[in-house]
1. Which of the residues that make up the stretch 122-141 are at pLDDT below 95 and either assigned to a loop (DSSP other than H, G, I, E, B) or not assigned by TED's automatic domain parsing to the domain that holds Phe223 (or both)?
2. Mind checking whether some residue in the stretch 54-69 is more than 24 Å from the chain's Cα centre (by Cα) and not in a loop (DSSP other than H, G, I, E, B)?
3. State whether one or more residues within the stretch 32-52 are under 22 Å from Thr235 (Cα atoms) and in contact with a strand residue (DSSP E or B) (Cβ under 7 Å, 6 or more places away or on another chain).
4. Can you find a residue that is on the phi > 0 side of the Ramachandran plot, of a type outside the set (A, V, I, L, M, F, W, C) and at pLDDT 95 or above anywhere in the stretch 293-310?
5. Just name the residue that is nearest to Asp120 (Cα to Cα) out of those in the stretch 1-23 that are exposed (fewer than 15 other Cβ atoms within 10 Å of the Cβ) and touching a helix residue (DSSP H, G or I) at 6+ places or on another chain (Cβ under 7 Å).
6. Within the stretch 194-205, is there a residue that is hydrophobic (A, V, I, L, M, F, W, C), under 20 Å from Gln86 (Cα atoms), under 16 Å from the mean Cα position of the chain (by Cα) and not in a strand (DSSP E or B)?
7. Please go through (1) under 30 Å from Ser348 (Cα atoms); (2) assigned to a strand (DSSP E or B) for Thr89 and return the number of the only condition it doesn't satisfy.
8. Condition check: surrounded by fewer than 20 Cβ atoms within 10 Å (Cβ to Cβ) and touching a Ser or Thr at 6+ places or on another chain (Cβ under 6 Å). Does Asp35 satisfy that?
Amino acid sequence: MIASKLPHVGTTIFTTMSRLAAETGALNLSQGFPDFDGPPALLEAVGRHVLAGHNQYAPMIGLPALREQVGLKIQRLYGRILDIEQEITITPGATQGIFCAIQALVRAGDEVIVFDPCYDSYEPSVQLSGGHCVHVPLQPPEFAMDWQRVREAITPRTRLIILNSPHNPSGAVLSPTDLDQLAALIRDRDIYLLSDEVYEHLVFDGQQHASVLCHDELYHRAFVISSFGKTCHVTGWKTGYVVAPPALSEELRKIHQYVSFAGVTPLQWALAEFMAAHPEHVTELPGFYQQKRDLFCQQLAHSRFKFVPTAGTYFQIADYSAICPDLPDLEMAFWLTREQGVACIPVSVFYQRPPADLRLVRFCFAKREDTLRQAAERLCRV
C-alpha cells in the first residue's frame, strides 16, 4: 500500500466540471480558459519558429529575448528596472513557478498564510514541502483583507504569505494601501511573500493593478508570478514567469532546474517576437475583457442571480440564494450543468472551511459573445 503524501487530494473541481460539461453538452463557464484563440500574429510565429529549428532546450532560466521583453514590460508598466539575468525566470506555467517558489522557501514545520477563498494549488505545494497553511478568510461581500486577522495569524513559525490579486475566484483587487499595511505588518519579521499576479492585466473600471513590483519594500522579499497563458489567451501553452530579487531567484532556480529544467523553446521565441511587435496588447486587455464582463452582467441582470460586476480577472461571482437557498453550491453547480446547460464552479471548493450559508458560484466570461449570450439566456430561465 502506498502512503499518500496528499491523502486528501483528489481530482480537481475544474477537471470534474469540464468533464461534466463535455458529457452533457453544457456551455463551459467553469474552468478558466477562453473559447477563442490567441492573437493570429502570435500563433503564426510559433509555426515559423518550429520550422526554423528552434526546437531544442531553451536556457534553463528562459530565452534572453523573452526575459528582455518581460523586463521592458515591467519597466514600462511598473517602473521597476530588473536584471534579466538574475531576476526573471521563465517557467512552464505559473503553477510550476508557484510550486518551485514554495519548495524553495518553505521548510518542515513552517506556516504559510493563505486567504480563503484561495486557489487550489497553494496548499498541496505547501504540504509537499512539509509546511502548514494557516487560512485567513477574506471579508464578504467585497472579499476584502482584514489586516487585524492577518496580524493575529502571524506567529514565529510564519515563513510565507501568499497574495493573489486580481483574486481568483472573487475578482477582488488589492490597493496600494493594502500593500502598505502588509509591509508594516512584516517589516521586522523574517517573512517572505509569493504574489500570484497571473491576472495582472485584467483590472477594470479604470483601476490600476497594485503590483508588488511597484512596492520597493515588499519586492525585496517576494516572488511575483505571472502568466503568458492568461495574457495571450493561450492557457494550453502553460508558459509563465517568476520575478524575484537575485537571492530568491537563485533558490527558485535550484528547484526549477530539477522539475522541468526549461520551458518550451518555440513558444518562448514566439512570445518574445509578439511582445516586441505588439507592446500595446497588454494595455488593451482591460477594455477587451471589461466588454465581455459588461455583456455577461447586462444579460444576467434579468435573472434571479445577485452579483456585483467583478473588479478583475475573467471570473464573475453570482449569488443564487434567491433561487435555491437550501441547495449547497456543489449540488447547485451540478444541477446548473446537467439541467440548465451551463457549467460553473462552486466557490466553497476554494475554502478550507466554507461558511455554512455560502451560496455562490463562479462563471468564467473569457468566452465568445454568442457563448455568453446563450449562457445568460439559459441562466435567466432558472
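The values are calculated or read from the model by the stated rules, or taken from the named source; none is laboratory data. All of these numbers come straight from a predicted model, not from anything done at the bench. With ideal geometry, Cβ positions are generated from the backbone for all residues, glycine too; neighbour counts draw on all protein chains shown.
1. Pro140, Pro141 - these are the residues of the stretch 122-141 that are at pLDDT below 95 and either assigned to a loop (DSSP other than H, G, I, E, B) or not assigned by TED's automatic domain parsing to the domain that holds Phe223 (or both).
2. Within the stretch 54-69 (the criterion being more than 24 Å from the chain's Cα centre (by Cα) and not in a loop (DSSP other than H, G, I, E, B)), the answer is yes, since at least one residue qualifies.
3. There is at least one residue in the stretch 32-52 that is under 22 Å from Thr235 (Cα atoms) and in contact with a strand residue (DSSP E or B) (Cβ under 7 Å, 6 or more places away or on another chain).
4. No, every residue in the stretch 293-310 fails to be on the phi > 0 side of the Ramachandran plot, of a type outside the set (A, V, I, L, M, F, W, C) and at pLDDT 95 or above.
5. Among those residues, the one meeting the criterion is Val9.
6. No, the stretch 194-205 has no match at all.
7. For Thr89, the exception is condition (1).
8. Answer is yes for this residue.
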